[in-house]
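Read through the structure below, which is laid out as structure tokens, and then see the notes.
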Amino acid sequence: MGHREEFYLAEEGQILGTEEFVDATIHRIGKTGRIGRRGARMNSPGEFKAEVLLATVEKISGIRREEFCGPGKHASTSIAKELYVLAGCQMGATLKILSEISGMSSAAMSRRKDAGRMRMRQNEEIAKLVIRIVEECRQP
């Protein structure tokens, strides 16, 4: 299909595809947040607080942000990266925002998100940690 500007909208959380595909995808994953142009999830202003997320992931994982925001591949570092991206997305951040904050590429964030989802299905404790991070981040 060549170069098309709309392909770059995926960085902003857009769901790309035919209208039928977008509708089916939204139906399958559920509507979380406001739905904008072409079915994209929109973040509420002020909903996401990066510093709070970083501090909470540090506290709960026991891994310093310099480690989980860096290139480290140790198992505990990878889990902390997954907690960061999963909780961040649940808090309303896009992968683009999370990648800018962490200094990792959007592709790396996407891989960590996919790996984290798989790990959550296999390990209930990981899912509980994500919930705990989100809940702690939302406390005043």
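The values are calculated or read from the model by the stated rules, or taken from the named source; none is laboratory data. The structure presented is a predicted model; accordingly, all values stated were derived computationally and were not measured. Don't worry about glycine lacking a Cβ; one is built from the backbone with ideal geometry, like all the others, and counts go over all protein chains shown. Accessible surface is based on the protein model in full, side chains and every heavy atom, while ligands, DNA and RNA are left aside. Shrake-Rupley method; radii C 1.70, N 1.55, O 1.52, S 1.80 Å.
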How many percent of the accessible area of region 54-128 is carbon or sulfur, using a 1.4 Å probe? 52 percent
Please compute the modelled spin-label separation between Glu124 and Glu19, points set 7 Å along Cα→Cβ, answer in nm with one decimal. 4.4 nm
If packing is taken as the mean number of other Cβ atoms within 10 Å per residue, what is the order of 92-105, 124-137, highest first? 92-105, 124-137
What FRET efficiency comes out for the pair Lys59/Ala107, r = Cβ-Cβ distance, R0 = 25 Å, nearest 0.05? 0.35
